[in-house]
Every structure is written in C-alpha cells, then in structure tokens.
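The structure under discussion appears below in the form of structure tokens.
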Amino acid sequence: MKRISMNKLFPALMFLLIPALSMADTYPKNPKVDILNYIFRIELSDNTDAIKAEALIDVRYVGEGVEFLRLDLVKTSAALGNKGMAVSSVVYEGKALPFTHEGGELNIKLPAPSQQNQRSTYSITYFGVPATGLKIANNKYGDRTYFSDNWPDKGRNWLPIVDHPYDKATCEFIVTAPSHYQVVSNGLKMEETELAGGKRITHWKQSVPIASWLYVLGVARFAVQYVDQFDHKSIETWVYYQDRDAGFYDFATPTKQALEFYSDHIGPFAYEKLANIQSNSVSGGMEAASAILYSETSVVGDRNERWRNVVIHEIAHQWFGNAVTEYDWNDVWLSEGFATYFTLLFIEHAYGYDAFLAGLDDSKKRVNTFYSKNPAYRIVHDNLQDMNEVTSSQTYQKGSWILHMLRGVVGTENFWKGIRSYYQRYINTNATTADFRREMEEASGMDLKDFFEQWLYKPGTLQYNGSWQYNNKKKEVKITLEQVQSDGSLFKMPVQVAIYSSTGKPVMKTLQVNEKRNEFTLLVESEPDNIVLDPNHWVLMEAKWGKK
C-alpha cells in the first residue's frame with residue numbers, strides 16, 4: 001500500500017502481447033549497466049538535519065562501450081529550500097573521477113569505456129539535507145526520528161541509486177547515530193557497536209536483490225520484540241518505546257499465519273526476516289522488503305480489522321512487488337492488484353468466504369466510483385507525467401478483480417498453478433504483464449489474449465441488460481443478454497447462470513457472451529423457480545436481470 005488512502009483500499013473491511021499503446025515509462029534505462037550492490041555509510045546527528053554519507057556502488061557492465069555511469073541523486077538547490085545532496089567526490093581504484101551533478105542526475109565519467117562483464121566499484125561521498133525521501137522529524141510523542149519514504153522514486157533525494165524498479169540490487173546500510181537510537185533496515189543485522197562520543201554504529205545487510213523503493217531505514221527509540229520464527233527466519237516488532245505493550249499486542253498476529261499461507265500457496269518467502277515497524281513517514285503501510293513500515297497511528301492495542309488487513313496486504317507484497325517486481329511503472333498492477341487480491345484470499349482462508357465476498361463487493365464499488373470520474377483510465381497505463389499518480393485505486397481494486405475474473409476463467413486449480421509458476425520463474429527479478437499472461441496460458445492451456453487486452457490494456461466497464469423466459473411446450477429457457485455500456489467497449493466473457501428448481505440442486509451453465517446482443521437456449525424439463533446471473537460472483541459487472 002502506498003499513498004492511496006486506506007479508506008480507498010478496504011473500507012468495507014474496516015479500513016483495504018498486444019499492439020503498443022504509446023506506453024510512456026520514460027526512465028532512461030541502460031541495459032548495459034547492472035548495479036549489483038549498494039553500501040550506504042550514513043552519519044546522523046541530533047544537531048543538524050544534514051546527513052554525511054558515502055555510497056559504495058558495485059557495478060557489472062553487461063555490455064561494452066559505456067562511457068558514463070548515470071545515477072539518480074537530487075542536487076541541493078534554492079528551489080528545494082537549499083535542501084538536496086552535494087557530491088564532494090567520486091573515486092575509483094583510489095583515483096578521483098570527473099562527474100556532473102545537475103537536477104536529479106549524477107553522471108560519472110568512466111576512466112575508459114566499459115568492457116563486457118567488467119566489474120567495478122565506485123565510492124561517492126556526499127552530504128546534505130534531504131528534501132524528501134528521508135523524513136527527519138519529531139514523532140507523535142515529540143521524539144526525533146528518521147524514517148525513509150522512498151515510494152515511488154523519492155529514494156534519489158538521499159541515496160545515489162538507479163531509482164527505478166527494473167534494476168534490482170542488494171544493499172547494506174551502515175549507520176552511525178547517537179547511541180540513544182536503535183536502527184532498523186532491510187535484511188539481517190551484521191553489527192551493533194558502541195563508539196566514543198555517545199555514538200553507535202549499526203550495520204544491516206540485505207542479501208536478496210530488491211528495487212530501490214524498497215530500501216528502508218528507521219532510526220528511533222524503539223521497543224523491539226522478537227515475536228516468533230518462520231522457516232527459521234525472525235519475525236520482529238519495532239514500535240516506539242511508549243507504545244511497547246499496544247504495539248507488541250497488535251503486531252503479534254496475523255504475520256506468521258500470512259507468511260505460512262503465502263509460502264504454502266505461492267512459493268518460498270524470499271527474505272531473511274520480517275519486521276513490522278511503526279513510523280511517522282507513511283500514512284498507511286509501505287512494503288519495504290523484510291522491513292515493513294506502518295503509520296504511527298497503526299498502534300492502538302485492539303488488533304482492529306482495519307490495521308490487521310493492512311498488515312496482510314503488506315505481507316502479500318513481499319511476494320508480489322518485492323520478490324517479483326514490475327519491470328516498468330506501467331505494470332504497477334502486478335504489485336498493487338496482486339497484493340490486494342491476495343489479501344482477500346488470505347482473508348477467505350482465515351476469516352471465511354463472507355469476508356472475502358465483502359472485500360470483493362467493496363472493491364467493485366470503488367472501481368465504479370473511479371470509472372465514473374475517469375472513464376478512459378487503463379490499468380496498464382502511461383499516466384507517468386506525475387509519479388504521484390503512478391497508482392490509483394483502480395490499480396488496486398480493478399487489478400484485484402481482474403485476477404479474480406482470471407481465476408474464474410481458467411479455474412482455481414489452473415490459477416494457482418499459473419501463480420506458482422510465475423513466482424518461481426521471476427522470483428527476485430522483474431516481470432511484465434506479458435510475462436504473467438504467458439505463465440497463465442501455459443498453466444491453463446488457454447488463449448488469454450482477449451481477456452488481457454480488454455481488461456488491462458483498454459478502458460471500459462461491463463454492463464448487462466438481461467432476461468429469461470421459459471417455453472413450457474419446447475421445455476427450454478431462452479436467455480437474452482445485451483451489453484449496454486455506453487463507452488463503446490465490448491467484452492468477451494464467460495458468465496455463469498444458476499437454474500433453480502424445486503426438484504433439486506441448482507444446475508450451473510456457462511454462457512460465452514461475446515456480442516453486444518446475445519441469445520441462448522437451454523433445455524430445462526420444468527419451469528425454473530429462478531435463474532441467477534453470475535451466482536458465484538466471478539464477473540466485474542453491473543446487471544439488470546430478471547424473468548421476462
């Protein structure tokens with residue numbers, strides 16, 4: 001979950017291979033450059049908001065001929081209130097390298113054009129006050145804290161990085177701070193040593209490659225609980241020390257249960273630990289790999305349903321968004337739609353089918369509300385002029401519904417088969433919507449071109465006017481279904497009907513609805529008591545339906 005209000009995510013749950021379409025993720029990718037690892041040495045002080053830092057960047061050049069290493073790092077400027085980062089040196093093998101630093105780009109001139117598979121490490125020394133990305137401020141108790149806020153591309157405000165999800169790397173944070181703070185980050189704690197002058201150095205190492213927005217740093221006076229283990233990995237709670245009792249209570253569940261469910265159904269948990277962290281840098285939750293940030297208001301001591309569902313959502317992201325990461329921002333639904341639907345799947349598993357249906361119904365309302373104001377919006381979109389709008393409620397809720405409909409189309413067994421194959425193939429790497437489609441087609445043996453094109457690459461909504469009537473003489477039911485959406489869209493969807501009679505269980509029939517007007521004839525021995533359209537809630541639609 002990102003900047004979307006939790007009321008947009010789950011209010012009813014008390015909170016959650018087609019022609020190019022002018023896609024516009026304009027980030028200047030360089031496929032010849034692969035960042036392998038970042039080591040960030042950062043010094044924090046209570047006397048200033050300026051950070052002193054060195055970044056060691058381990059690079060593999062996949063191709064030859066690279067003359068400049070381009071990184072994202074926001075430069076100090078008057079427009080930012082004299083905030084930003086100033087680079088004092090770039091060093092390679094003991095020698096200073098020339099560089100330019102303008103706006104948000106740091107370009108380093110290499111000593112010589114790269115050779116294929118060349119491996120090089122560069123040291124960048126810099127300092128400054130972050131304009132955003134690292135929030136240095138008092139928390140709700142008036143205590144000074146430092147918390148990252150990198151989503152979606154704000155990490156460049158304090159870290160020199162390739163600030164885009166396509167280039168995943170491992171990372172280390174080695175933080176020197178006043179000793180009254182504790183420090184938490186991705187991965188495993190490698191060192192914690194008291195230094196002279198009332199300081200402490202803390203070293204965290206993330207050994208699994210992740211996207212830059214998932215790097216996390218939290219520095220505060222914490223109460224820390226080692227709650228449990230999952231697959232020999234620590235489950236931890238980090239909350240403000242004042243919230244020790246309430247926080248330990250709130251975060252004790254359902255973390256382990258969710259980890260078990262997703263691991264059993266999807267594939268192995270990718271990271272070295274799972275920490276739930278109270279912070280003042282996010283308003284909902286932020287799924288940083290192995291170290292999830294939650295709003296400081298999340299701790300209330302009553303394990304309420306609202307925040308319980310946020311926890312489930314952020315844990316689902318550890319699989320989708322974190323381990324399997326979208327290659328482009330256009331495909332952000334592979335993160336948010338997946339986390340939203342897999343939250344509902346865990347809710348069904350843990351709390352029952354009615355709670356699952358309530359979540360689907362709420363998502364449907366949100367989809368319709370958004371559509372009424374944004375009828376041209378596409379899930380795989382090019383709305384990237386403002387990165388604050390890289391997501392919308394539609395990438396969450398409609399994305400979730402698309403997965404649910406896909407499950408209805410291919411069948412639950414094939415759906416899980418495809419999900420497991422997709423995860424296994426792309427774990428700790430990147431994927432596209434086309435990659436996901438291919439895995440689901442291989443799992444189901446079906447051509448899903450029409451399904452993916454109409455739901456993901458095109459706007460529109462599905463609305464039916466339909467009726468049924470019984471002909472006693474012919475012993476048949478005639479069903480008419482007309483697509484009446486006024487936006488020009490036309491869908492090809494299988495839709496179930498349940499035929500109820502007093503003689504026994506309902507008879508289920510699947511109708512393939514492809515045209516604007518569709519007529520079907522079904523043989524039925526006696527007049528039905530009722531016929532229900534989409535009885536099992538597989539289709540995102542609005543329908544007027546009844547006996548003629």
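Value of Rg to Rh for region 419-532, rounded to two decimals, is 1.11; Kirkwood radius and Rg both from alpha-carbon coordinates.
Report the calculated FRET efficiency for Glu102 and Lys32 (r = Cβ-Cβ distance, R0 = 30 Å), to the nearest 0.05. Each step should come with its number before you reach the end.
On the way: r = 22 Å, r/R0 = 0.75.
According to the calculation, E is roughly 0.85.
Measuring spread by the Cα atoms of region 252-358 yields a radius of gyration and Dmax of 13.3, 39 Å.
May I ask for the net charge around Ile161, where only other residues with Cβ less than 15 Å from the Cβ of Ile161 are counted and Lys, Arg are +1 while Asp, Glu are -1? Mind showing how you got there, number by number?
Values: positive: Lys29, Arg41, Arg70, Lys75, Lys154, Arg156, Lys168; negative: Asp34, Glu54, Asp58, Asp72, Glu105, Asp149, Asp153, Asp163, Asp167, Glu172.
Taking every Cβ under 15 Å from that of Ile161, the sum is -3.
Look at where the Cα atoms of region 442-494 and of region 133-196 average out, and the two centres are 50 Å apart.
Starting from the coordinates of the alpha-carbon atoms of region 136-249, obtain the Kirkwood hydrodynamic radius over all distinct pairs and give the value in Å to one decimal.
Details: mean 1/r = 0.0649 Å⁻¹.
Kirkwood hydrodynamic radius for region 136-249: 15.4 Å.
Give me the orientation-averaged projected area of the Cα convex hull of the chain, in nm², one decimal. Could you put the intermediate results ahead of the total?
Values: hull surface 110.9 nm².
Projected over every direction and averaged, the Cα hull of the chain covers 27.7 nm².
Amide H contacts for Ser234 (H built 1.01 Å from N in the peptide plane; partners 5 or more residues away or on another chain; cut-off under 5 Å): Leu274.
Taking a ≥ b ≥ c as the square roots of the eigenvalues of the Cα gyration tensor of region 152-209, is the shape rounded (a/c under 1.5), prolate (a/b larger than b/c) or oblate?
Details: a/c = 3.39, a/b = 1.90, b/c = 1.78.
The shape class here is prolate.
In this simple spin-label model, placing a label point 7 Å from the Cα along the Cα-to-Cβ direction at both Glu194 and Leu357 gives a separation of 6.1 nm.
Leaving out ligands and nucleic acids, and using a 1.4 Å probe, what accessible area per residue does the chain come to in Å²?
On the way: 21990 Å² over 548 residues.
Each residue of the chain exposes 40 Å² on average to a 1.4 Å probe.
As a calculated quantity, the FRET efficiency between Glu348 and Ala112 at R0 = 60 Å, using C-beta atoms, amounts to about 0.55. With bins 5 Å wide beginning at 0, the percent of Cα pairs of region 198-242 falling in each bin runs 5, 13, 18, 25, 25, 12, 3, 0. Cross-link reach is defined here as a Cα-Cα straight distance under 28 Å, omitting same-chain residues fewer than 8 places apart; for Lys473 the lysines meeting it are Lys505, Lys509, Lys544, Lys547, Lys548. The calculated pair-distance distribution of region 383-466 uses every alpha carbon pair, bins of 10 angstrom beginning at 0, and gives 15, 43, 32, 9, 1 percent.
Taking θ as phi - 60° and the Karplus parameters 6.51, -1.76 and 1.60, the scalar couplings of region 280-297 work out to 10, 9, 10, 9, x, x, 9, 7, 2, 4, 6, 8, 8, 9, 10, 3, 5, 7 Hz in sequence order, x denoting glycine and proline.
Ranking request for peptides 428-437, 398-407: highest mean number of other beta-carbon atoms within 10 Å first, then the rest in descending order. It would help to have the intermediate numbers written out before the result.
Details: 428-437: 18.8, 398-407: 23.9.
So the order, starting with the most tightly packed, is 398-407, 428-437.
Taking only protein heavy atoms and a 1.4 Å probe, the accessible area of the chain is 48% carbon and sulfur.
Each residue of region 463-470 was assigned a 3J(HN,Hα) from its phi angle through the Karplus curve 6.51 cos²θ - 1.76 cosθ + 1.60 (θ = phi - 60°); the sequence is 9, 10, 10, x, 7, 9, 8, 10 Hz, with glycine and proline shown as x. On alpha-carbon atoms, Rg over Rh for region 17-101 using Kirkwood Rh? Checking Rg against Rh, the ratio lands at 1.06. Taking every lysine pair in region 59-198 that is 8 or more places apart or spans two chains, those with Cα atoms closer than 13 Å amount to 5. Residue by residue, region 358-369 carries 3J(HN,Hα) couplings of 4, x, 4, 5, 5, 4, 4, 4, 5, 4, 5, 5 Hz when phi is fed to the Karplus relation 6.51 cos²θ - 1.76 cosθ + 1.60 (θ = phi - 60°); x denotes Gly or Pro. Taking R0 as 56 Å, what's the FRET efficiency between Thr48 and Ser467 from their Cβ-Cβ distance, rounded to 0.05? Computed FRET efficiency for Thr48 and Ser467 comes out at 0.20.
Note on region 323-341 and region 50-87: Cα centroid distance 27 Å, given to the nearest whole angstrom.
Computed over the chain, the per-residue total of -39500 (n - 2.57) for DSSP H runs of n ≥ 4 gives a 222 nm mean residue ellipticity of -7000 deg cm²/dmol, rounded to 500.
So what is the relative contact order for region 38-139, in percent, with contacts set as C-alpha pairs under 8 Å and at least six apart? The partial results should precede the final answer.
Details: 209 pairs, mean separation 37.8, N = 102.
Reported as a whole number, the value is 37 percent.
In this simple spin-label model, placing a label point 7 Å from the Cα along the Cα-to-Cβ direction at both Lys140 and Asp231 gives a separation of 3.3 nm. Here the Debye sum runs over all C-alpha atoms of region 306-429 as equal scatterers in vacuum, and log10 of I(q)/I(0) at q = 0.12, 0.16, 0.19 Å⁻¹ comes out as -0.45, -0.81, -1.15.
The values are calculated or read from the model by the stated rules, or taken from the named source; none is laboratory data. Since the structure is predicted, the reported quantities are computational estimates derived from the model, not experimental observations. When we count neighbours, we look across all protein chains shown, and the Cβ atoms used for this are built from the backbone with ideal geometry, even at glycine. Remember, those area values only see protein heavy atoms, side chains included, never the ligands or the DNA or RNA. Shrake-Rupley method; radii C 1.70, N 1.55, O 1.52, S 1.80 Å.
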